[in-house]
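> Handing you a structure now.
The values are calculated or read from the model by the stated rules, or taken from the named source; none is laboratory data. Being a predicted model, the structure only gives us computed values, none of them experimental. All Cβ positions, glycine included, derive from the backbone under ideal geometry; neighbour counts span all protein chains shown.
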Amino acid sequence: MFGIKATVLFDGISKKENVYIVIDGDKIVEVTEKKPDIEIQYEGVVTPAFIDGHSHIGMARHGEPSDEEETNEHADIFLPTLDPLDSIYFDDKYFMDAVEFGVLYSCVTPGSGNLLGGKAVIIRNFAKDRDEAFIRHHGYKMALGFNPRSTWEWRGKRYRTRMGVYALLRDEFTNVLRKKRKLELDKKEKLREAKKKLEKGEITKEEYEEIVKEIEEKIDLEFELYEKALLEILNRKKVLKTHVHKEDDVLFLLRLIKEFNLKATADHLGDVHRVEIFRKIKEANVPIIYGPIDSFAYKTELKHDTYKNVKALIESKAKFTLMTDHPVMLARNLHLQLRYFLMYGLSEEKAISIITKEAAEILGISDILGTVEPGKLASLVIWNTNPFYLGAHPIAIIAEGKVIYKK
């Protein structure tokens, strides 16, 4: 057990001064104004660990040629079963860069060259390998707009228009729902027959239960693995993490969510420049993973991209966090994007909350991360000064109770 004195604590919700954080094992056990009777190891400005809401870190790697990166699989446009954890190398030097600037966690996804490119996985950036890194799977990566139609020369079934890509998406969703419905009707009929036999005494209760089990197993075997992934989406067990930039594609996403009753996030939104669109997203209860703000607008789809769009995002009161889209923007620079939110009127504590509390809630890990409070993992950044000062840097990084970096 040890303690930290926070001369200023941005706890993910509010701003406090001269408080003590008590750590036991990997957890925070107390936050108090009274000095505890334990060793105080560090003193400084404290924030929760930062969380990158959307990244490709470890897939496009430091110092490697582009033909070795593994962000996109070219085999087909529809590959929901792929797991980016299988393509991450944890000896990528960018991980340590991220950690040294407080970015201890990332949600890593496949790239956006496919309509459904694979799973989204939340990892520890400070891990030595994939076994230590894994926290949980968040959902599936979907891409709308230009990106999935720009890859028509890649292998597999490809479309050159948005209407083609979107028709395929609807067809896949509809077909798996029809298959599910047909199998449910077949199951209902078989169960009715088995129940009649049970009531007539032709079979025992144990035999009936065995028939029920067999029917369930046969139904499960009817679905291909990619169809099971679609069912997780359609049954709202997993989130559709959706790459989308232009306003019309955002409106398509909102219609799709309503049509199929989906859970989704809207990722990027760089070209969204009207507050009305952000408000529509808010009204649909779709969280936003915004950015990256400080990247080059390299395609027509980003012609309205500007840091000034932050003003409309704030005014909409939509729920949002930020991303680096590493390597589009380096993971270590995640918190630097917060300066735009200060420019447009957010308080320092609210700005810090964007990449801590809000990120954890949107990614479904707020039970363990995002705020400095008892019961949460002790993942903290101790800064030499206010982190919004240009020359600020961490003097120590604590990851789940262990000091993993000190200046």
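> Regarding segment 84-97, can at least one residue be identified that is of a type in the set (Lys, Arg), crowded, with 18+ Cβ neighbours inside 10 Å and either more than 30 Å from LYS350 (Cα to Cα) or not assigned by TED's automatic domain parsing to the domain that holds ASP11 (or both)?
No, segment 84-97 contains no residue that is of a type in the set (Lys, Arg), crowded, with 18+ Cβ neighbours inside 10 Å and either more than 30 Å from LYS350 (Cα to Cα) or not assigned by TED's automatic domain parsing to the domain that holds ASP11 (or both).
> In addition: For the subset of segment 227-245 comprising residues that are among the aliphatic types (A, V, I, L, M) and touching a residue at least 60 places away in the same chain (Cβ under 8 Å), which member is surrounded by the most Cβ atoms within 10 Å (Cβ to Cβ)?
So in segment 227-245, the residues among the aliphatic types (A, V, I, L, M) come out as 229-231, 233-234, 239-240, 244.
Checking which are touching a residue at least 60 places away in the same chain (Cβ under 8 Å) leaves us with 229-230, 233-234, 239-240, 244.
Details: ALA229: 22, LEU230: 23, ILE233: 22, LEU234: 19, VAL239: 22, LEU240: 25, VAL244: 29.
Checking each candidate, the answer is VAL244.
> Also: Out of LYS376, LYS357, LYS350, LYS407, report the one residue that is basic (Lys, Arg) and touching a Ser or Thr at 6+ places or on another chain (Cβ under 7 Å). Break it down into steps so the answer makes sense when it comes.
Numbers: LYS376 fails: touching a Ser or Thr at 6+ places or on another chain (Cβ under 7 Å); LYS350 fails: touching a Ser or Thr at 6+ places or on another chain (Cβ under 7 Å); LYS407 fails: touching a Ser or Thr at 6+ places or on another chain (Cβ under 7 Å).
Unique residue meeting the criteria: LYS357.
> Criterion first (out of contact with any Leu (no Cβ under 8 Å at 6 or more places or on another chain) and surrounded by 12 or more Cβ atoms within 10 Å (Cβ to Cβ)) does LEU168 satisfy it? Before the answer, list the steps.
Working: out of contact with any Leu (no Cβ under 8 Å at 6 or more places or on another chain): no; surrounded by 12 or more Cβ atoms within 10 Å (Cβ to Cβ): yes.
Here the answer is no, as LEU168 does not meet what is asked.
> Find the helices (runs of 4 or more DSSP H) located wholly in segment 113-208 whose residues include 2 or more that are modelled with pLDDT of 95 or more and under 24 Å from LEU251 (Cβ atoms), and list them. Before you say what the answer is, go through the steps one by one.
Numbers: elements: 130-133, 146-149, 162-199.
In segment 113-208, 146-149, 162-199 are the helices (runs of 4 or more DSSP H) which contain 2 or more residues that are modelled with pLDDT of 95 or more and under 24 Å from LEU251 (Cβ atoms).
> Which one of these is small (Gly, Ala, Ser) and touching a Leu at 6+ places or on another chain (Cβ under 7 Å): ALA133, ALA143, ALA127? Show your work before the answer.
On the way: ALA133 fails: touching a Leu at 6+ places or on another chain (Cβ under 7 Å); ALA127 fails: touching a Leu at 6+ places or on another chain (Cβ under 7 Å).
Result: ALA143 is the single residue among ALA133, ALA143, ALA127 that is small (Gly, Ala, Ser) and touching a Leu at 6+ places or on another chain (Cβ under 7 Å).
> When the residues of segment 109-164 are narrowed to those that are among the aromatic types (Phe, Trp, Tyr) and within 14 Å of the chain's Cα centre (by Cα), which ends up nearest to GLY53 (Cα to Cα)?
Just the residues of segment 109-164 that are among the aromatic types (Phe, Trp, Tyr), to begin with: 126, 134, 140, 146, 152, 154, 159.
From the residues that got through so far, the ones that are within 14 Å of the chain's Cα centre (by Cα) too are 134, 140.
Details: PHE134: 15, TYR140: 14 Å.
The residue in question is TYR140.
This table checks each residue for (1) farther than 16 Å from PRO80 by Cα; (2) surrounded by 12 or more Cβ atoms within 10 Å (Cβ to Cβ); (3) not assigned by TED's automatic domain parsing to the domain that holds ALA297.
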{"position": "ARG149", "(1), (2), (3)": "yes, yes, no"}
{"position": "GLU153", "(1), (2), (3)": "yes, no, no"}
{"position": "VAL176", "(1), (2), (3)": "no, yes, yes"}
{"position": "LYS182", "(1), (2), (3)": "yes, no, yes"}
{"position": "GLU189", "(1), (2), (3)": "yes, no, yes"}
{"position": "ASP220", "(1), (2), (3)": "yes, no, yes"}
{"position": "LEU225", "(1), (2), (3)": "no, no, yes"}
{"position": "GLU247", "(1), (2), (3)": "yes, yes, no"}
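> Where in segment 5-65 are there strands (runs of 3 or more DSSP E), lying fully within it, with 3 or more residues that are crowded, with 21+ Cβ neighbours inside 10 Å?
Details: elements: 15-24, 27-32, 40-48, 50-55.
The qualifying strands (runs of 3 or more DSSP E) are 40-48, 50-55.
> Residue pairs, Cβ under 7 Å, 6 or more apart or interchain, first in segment 4-25 and in contact (Cβ under 8 Å) with a residue 40 or more places away in the chain, second surrounded by fewer than 19 Cβ atoms within 10 Å (Cβ to Cβ) and among the aromatic types (Phe, Trp, Tyr). List them.
Note: pairs meeting the criteria are ILE4/TYR42; ILE23/PHE2.
> In segment 320-346, which residues are in contact with a strand residue (DSSP E or B) (Cβ under 7 Å, 6 or more places away or on another chain) and assigned to a loop (DSSP other than H, G, I, E, B)? Even if it seems obvious, please write down each step before you answer.
In the first step, residues of segment 320-346 are kept if they are in contact with a strand residue (DSSP E or B) (Cβ under 7 Å, 6 or more places away or on another chain); the result is 320-326, 331-332, 334-335, 337.
Matches in segment 320-346: MET323, THR324, ASP325, HIS326.
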